Amino acid sequence: MNNTDKSRRDFLSGGGKMAAACAILGATGSMAQAAKPASTACQPASAMRLIKGKHYYLDNVRLEAGFVRDGQTVVATETELKTLEIKDGKIAALLANRQHPDATLAHYDAGSKLLLPAMRDMHIHLDKTFYGGPWRVHNRPEGTTIMDMIAFEQKLLPALQPYTRERAGKLIDLIQSKGSTIARSHCNVEPVSGLKNLENLQAVLEQRKSGFSCEIVAFPQHGLLHSNSVALMRDAMQAGAHYVGGLDPTNVDGAMEKSLDAMFQIALDENKGVDIHLHETSPAGIAAVKYMVETVEKTPQLKGKLTISHAFALAMMDEKQVDDIASRMAAQQISIASTVPIGTLHMPLRQLQEKGVFVMTGTDSVIDHWSPYGLGDMLEKANLYAQLYVRPSELSLSRSLAIATGNILPLNDKGERAWPKAEDEASFVLVDASCSAEAVARISPRTATFHQGEMVWGSVGA
């Protein structure tokens, strides 16, 4: 890490953190001179409409059309206005703006807002939050350990459980308003909660399934072995959870290999994936990463089924060590879910991506006993990633969007349209920005969110 990168990280880690960080980029403009500036005017309420039906036209959609170059340098992003034909949850066609081959179909106006792929919040805890209830912050004295927090949570959970459904619903509303329609939620499965949190979360997701897709990780928050949760985890798999979770096999369970072996065995027996919280930064954390990679290499059934969340141990490796482990991870399709931490850890996220590792991001906590922060905004995460890991340019800012969208970008590196195309799923967000680079730099406002053709948040013009 050079001195410039370190200075930027030190600043963002200090007082103000995201408020200061956003203020800095909020004062700078995108270089998208070739794109029409985004309008900041609100449409009158009388002109706003909710979309009804499964087959309709969406006019005045701003799509990225290519890069403008000065020599080899990308200096701006070109855009154009199009009409999208939406049918049965897919983009049926991209048409000339305001062209409606079927005059009987309803048509709506996107107001020249930029179309971006739907965001994906791939690490969140929908089942335990203060969000939607009275403001509350849990005071954590300096020196508080994860075992202290586990003990506190064991007392707190019974008081939170009656509100799980209500608050999970409000949290889904929040992240939809930020453009996310796809998520992966960790859900407590341990002796205090039993399977109740899972049942409550499944009930909410069933009610919201037309507008929101969410995988569930059964999460032994109090330690898979430490809380004797192996049998419960198997029950959770039978009950419909999609992933087996785990937690710090050395610091919490006190038996790295035994803990990881138990986690993997459940996944193999139940034909499920694995998504483990690994916060450990000690040599034990590095050992755990290596052990998991070796396990997947030796077990073909696990290829493509392991996500390591947080993975802070990777920040403790030197560049060569990261290169070596990242190449092996990419070969086994092992993914990383990072919350893009602001602290002193310099996560090698770009290096992982360059080696072919799929890196996702997520909110993690939203106003709960673990953290009073969390906006549920993946565009904010892309902004933070850009500030911490890339030098600002039109190209690098536009590429930074990928961490928020599951690597789906409007333009490929050559500036050719990669998305949207006919037959793509109609899951997208309308953003008040001239191009994706500006949207990332300014964390631009969202005006409407669509999931499989259904507008799940916001409104459009008549």
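The values are calculated or read from the model by the stated rules, or taken from the named source; none is laboratory data. Please read all numbers here as calculations on a predicted model, not as lab measurements. Virtual Cβ from ideal backbone geometry, glycine too; neighbours counted across all protein chains shown. The protein model used for the area step is the full one, side chains on, heavy atoms only, and it has no ligands, DNA or RNA in it. Shrake-Rupley method; radii C 1.70, N 1.55, O 1.52, S 1.80 Å.
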List the residues whose amide H sits under 5 Å from the amide H of residue 433, counting only those 5 or more places along or on another chain, with H placed 1.01 Å from N in the peptide plane.
114
Calculated from DSSP H runs of 4 or more alone, at -39500 (n - 2.57) each and per residue, what is the 222 nm mean residue ellipticity of the chain, nearest 500?
-9500 deg cm²/dmol
Principal axis dimensions, largest first and in whole angstrom, of the range 259-354 by Cα:
39, 22, 22
With a 1.4 Å probe and every protein chain left in place, work out the accessible area per residue of the chain in Å², rounded to a whole number.
41
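Counting pairs of alpha carbon atoms under 8 Å apart in space and at least six apart in sequence, what relative contact order in percent does the range 88-199 give? Intermediate values should be presented prior to the final figure.
On the way: 84 pairs, mean separation 45.5, N = 112.
Normalised by residue count, the contact order of the range 88-199 is 41 percent.
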Under the Karplus relation 6.51 cos²θ - 1.76 cosθ + 1.60, θ = phi - 60°, what is the ordered set of whole-Hz ³J(HN,Hα) values for the range 290-304, x standing for Gly and Pro?
4, 5, 5, 4, 4, 4, 5, 4, 8, 10, x, 5, 8, 4, x
Rh_Kirkwood(the range 96-255) over Cα pairs, Å, one decimal, evaluates to 17.9
Quick one: if you stick a label point 7 Å off each Cα along the C-beta vector at residue 70 and residue 156, how many nm between them?
5.1
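Say the cut-off is 24 Å between C-alpha atoms; which of 87/272; 52/90; 54/381; 90/381 go over it?
Working: 87/272 33 Å; 52/90 15 Å; 54/381 32 Å; 90/381 27 Å.
With Cα atoms farther than 24 Å apart: 87/272; 54/381; 90/381.
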Whole-Hz Karplus couplings 3J(HN,Hα) for the range 263-277, θ = phi - 60° and coefficients 6.51, -1.76, 1.60, Gly and Pro as x, run 4, 5, 5, 4, 4, 5, 5, 9, 6, 10, x, 10, 9, 9, 6
For residue 107, which sequence-distant residues (separation of 5 or more, or a different chain) have an amide H within less than 5 Å of its own amide H, given hydrogens modelled in the peptide plane?
57
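Could you check what % of the DSSP bridge pairs in the range 107-253 are antiparallel, to the nearest 5? Don't skip to the answer; put the middle values down first.
On the way: 1 of 14 bridges.
So the antiparallel bridges in the range 107-253 amount to around 5 percent.
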Identify the residues of the range 210-243 with backbone N under 20 Å of a label point that sits 7 angstrom from the Cα of residue 265 along the Cα-to-Cβ direction, or state none.
218-239, 243
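Under the rule that an exposed site lies in a DSSP loop and has at most 16 other Cβ atoms within 10 Å, name the longest stretch of the chain with no GluC sites (Glu not before Pro) of that kind, not counting the sites themselves. Intermediate results must be reported in sequence, preceding the final value.
Values: sites that count: 142, 416, 423.
Within the chain, the longest run free of exposed GluC sites (Glu not before Pro) spans 143-415.
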If each of residue 391 and residue 323 carries a label point 7 Å out from its Cα toward its Cβ, how far apart are those two points in nm?
2.0
Using the alpha carbon gyration tensor of the chain, what are the three equivalent-ellipsoid semi-axes (square root of 5 times each eigenvalue), largest first, in whole Å?
37, 26, 21
Run the reach check for residue 155 against lysines, Cα to Cα strictly under 17 Å, same-chain hits fewer than 8 apart removed. What comes back?
128, 196
For the chain, what relative contact order do you get, as a whole percent, if you take Cα pairs closer than 8 Å and at least 6 residues apart?
24
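Given a 1.4 Å probe and every protein chain left where it sits, what share in percent of the accessible area of the chain is carbon and sulfur?
Details: 9620 of 18950 Å².
Answer for the chain is 51 percent, counting heavy atoms of protein chains only.
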Which residues' amide hydrogens lie under 5 Å from the amide hydrogen of residue 67, considering only partners 5 or more residues apart or on another chain, with H built in the peptide plane?
78
Only residues of the range 153-167 count here: report those whose backbone N is under 19 Å from the spot 7 Å along Cα→Cβ of residue 255, or say none.
none
Hz values of 3J(HN,Hα) by residue in the range 82-98 - Karplus curve (6.51, -1.76, 1.60), Gly and Pro given as x
9, 10, 9, 9, 9, 8, 6, x, 10, 7, 6, 6, 9, 10, 4, 4, 6
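Share of antiparallel DSSP beta bridges in the chain, in percent to the nearest 5? Walk me through the numbers before you get to the answer.
On the way: 37 of 72 bridges.
So the antiparallel bridges in the chain amount to around 50 percent.
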